Amino acid sequence: MTLKRLFISCFMLNSFIMSSECNLEEFSKNAAQKLAGYTYLKTYKLDASKEAEIEYSYVFSNNTQYVLTLAHELETTDILVSIYDNNRKELCNNYDKKGKKYFQGIGYSCSATGIYYVMFSFKNAKNKCGASVLGFKK
Amino acid sequence: MKQRHYKYIVPILLGTLFSCQKSSNNEDFNQIVEANPIETEVDVSSEIAMQVIEQMPSPLEISAIIKKTGLSYNSGILNPITHMENYTTNSQKAINFGIYATDLGYVNMYNSSQDAMNYLETVSSLSQDLNVSHFFNFELLQKLATNEQNLDSLMHISTQNFEEINDYLAKSQRGDLGALIIAGGWIEGMYLACEVHQKSDHKSLREKIGDQKVSLSSLISLMNAYKSNPDVELINKDLMKLQNIFNKIQVKEHTRESKVIEEDGIPMYQDKKVLTVMVTDDEINQIRTLVIDLRNRLVK
């Protein structure tokens, strides 16, 4: 009986550790698989256990369509991804106000070459872990 | 909004006293470097270097435009793999690693599997010399290169590997080599665009060439950080000459109605602001002359 309890406790502890682990490689792979029709550019690994928001920058080019796909635990986590211009003005984000949901990515058709900022923030997140992949097409 | 804080160390009084400062993300990287009076002693934070590296556009974007023009594949414009034996110093190896990596991207865009294999071997060999070969799964990449159906995966995985190498070099004490790899990649992208444009005078390539001011500024910022390496400084002087030409190019701005469409369940935003570069024939010729001269000196 004691051994059975010990086994169950170990199993539960192991399940807890597994669920709290941040499998960035797996999320990166999943995000890349969503790049249908776009050429891969970059992977952003999102482990926000230490920081609430994660920011990256990239030079977007004129006449180019960019897409940022997302992968994370769908049941427990939402990720808000916002794109800002060089003056830190928000241009768009993946939150659907009407449907009150977060899209699993965002696209931006660039018509002014410049440095753009991409901000990821975890919302309603139990596990602040995920990945985003940037792709482009002409 | 989150503020990133960067530390950079300024050695004072023969390196015996150090002072640390923090700067906000809004500060221009150029200003940070230029504000430092002791140029050769600058120890730029790897975080700042990484920020510049992460924002550099991929040379793949230029190869994609070249392919979109409908022009056929031309291996004659690439740096021949036989040149690899000429590169003996780490700086030469790093810059040509970047050049060959861009060539590999061009080759992959055109699904040329035999050339992909050859350029992959060259890049792999240079990565060993630069002690970054552990980022390459050469066997897997080689397997992918043998089949034209797999060239998309090859492009994806090799691009990811180059990204990891650049991150690693920026974080380590070899940021100068990382900067040279990035510079090599950028210069080769420009070279391919200039070479193809010279033969085709295609409008989209002309615009792409004239539109490189922002990425060139980022590259110069990165190179400035490592100019204690004389090879970096030498190349940077040429890049600054190029920047003088880019500074003269007129840019026209207008606005249009923004719109959002949904594509495969993802919202696609189209911005209001439109910038159009008005590059003249004379400016294109000046850029081309400088780029071709610089690139040909680097690959010799």
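So if I take the centroid of the Cα atoms in the range B:267-287 and the same for the range A:36-53, what is the distance between those two points in Å?
Here the two parts' Cα centres lie 28 Å apart.
Mind running the shape call on the range B:257-300? Use the C-alpha gyration tensor, a ≥ b ≥ c as the square roots of the eigenvalues: rounded below 1.5 for a/c, prolate if a/b tops b/c, oblate otherwise.
It comes out oblate by the Cα gyration axes.
What full-extension length gain, to one decimal in nm, is calculated for residue B:243 and residue B:131 as 0.36 nm per residue of separation minus the Cα-Cα distance?
Roughly 37.1 nm would be gained on extension.
Return the FRET efficiency for the residue pair residue B:257, residue A:47: r is the Cβ-Cβ distance, R0 is 30 Å, and the value is rounded to the nearest 0.05.
After rounding to 0.05, the efficiency reads 0.20.
Once you order the gyration tensor axes a ≥ b ≥ c over the Cα atoms, which shape class does the range B:76-156 get: rounded for a/c under 1.5, otherwise prolate or oblate by comparing a/b with b/c?
Since a/c reaches 1.5 but b/c is at least a/b, the shape of the range B:76-156 is classed as oblate.
Stokes-Einstein diffusion coefficient for the range A:22-137 at 37 °C in a medium of 0.692 mPa s, Rh from the Kirkwood formula over Cα pairs: what value in µm²/s? Don't skip to the end; give the middle numbers.
On the way: Rh = 14.2 Å.
Estimated diffusion coefficient is 231 µm²/s.
To the nearest 100 Å², how much accessible surface do chains B and A cover up together, summed over both, with a 1.4 Å probe?
In total, this chain pair buries about 3800 Å².
Can you give the FRET efficiency for residue A:126 and residue B:228, using 1/(1 + (r/R0)^6), R0 = 60 Å, r = Cβ-Cβ distance, to the nearest 0.05? Intermediate values should be presented prior to the final figure.
Details: r = 47 Å, r/R0 = 0.78.
In this case the efficiency is close to 0.80.
Cross-link candidates for residue B:259: which lysines have Cα within less than 21 Å, leaving aside residues fewer than 8 places away along the same chain?
A:89, A:97, A:98, A:100, A:101, A:137, A:138, B:272, B:273
Sequence neighbours fewer than 8 away in the same chain don't count; with that in mind, list the aspartates and glutamates whose C-alpha is under 18 Å from residue A:128.
A:21, A:25, A:26, A:47, A:51, A:53, A:55, A:73, A:75, A:78
Label points 7 Å out from Cα along the Cβ direction at residue B:143 and residue A:88: separation in nm?
Going from the residue B:143 label point to the residue A:88 one covers 4.8 nm.
Subtracting the Cα-Cα distance from 0.36 nm times the residue separation, let me have the gained length for residue B:81 to residue B:297 in nm, one decimal.
Gain on extension, residue B:81 to residue B:297, equals 76.2 nm.
Suppose every Lys and Arg Cβ carries +1 and every Asp and Glu Cβ carries -1, with no other charges. What dipole size does the range A:22-137 come out with about its Cα centre, to the nearest 20 debye?
260
The values are calculated or read from the model by the stated rules, or taken from the named source; none is laboratory data. Predicted model only: the values in this text are computed from it and were never measured. All Cβ positions, even for glycine, are placed from backbone atoms using ideal geometry, and neighbour counts span all protein chains on display. Remember, those area values only see protein heavy atoms, side chains included, never the ligands or the DNA or RNA. Shrake-Rupley method; radii C 1.70, N 1.55, O 1.52, S 1.80 Å.
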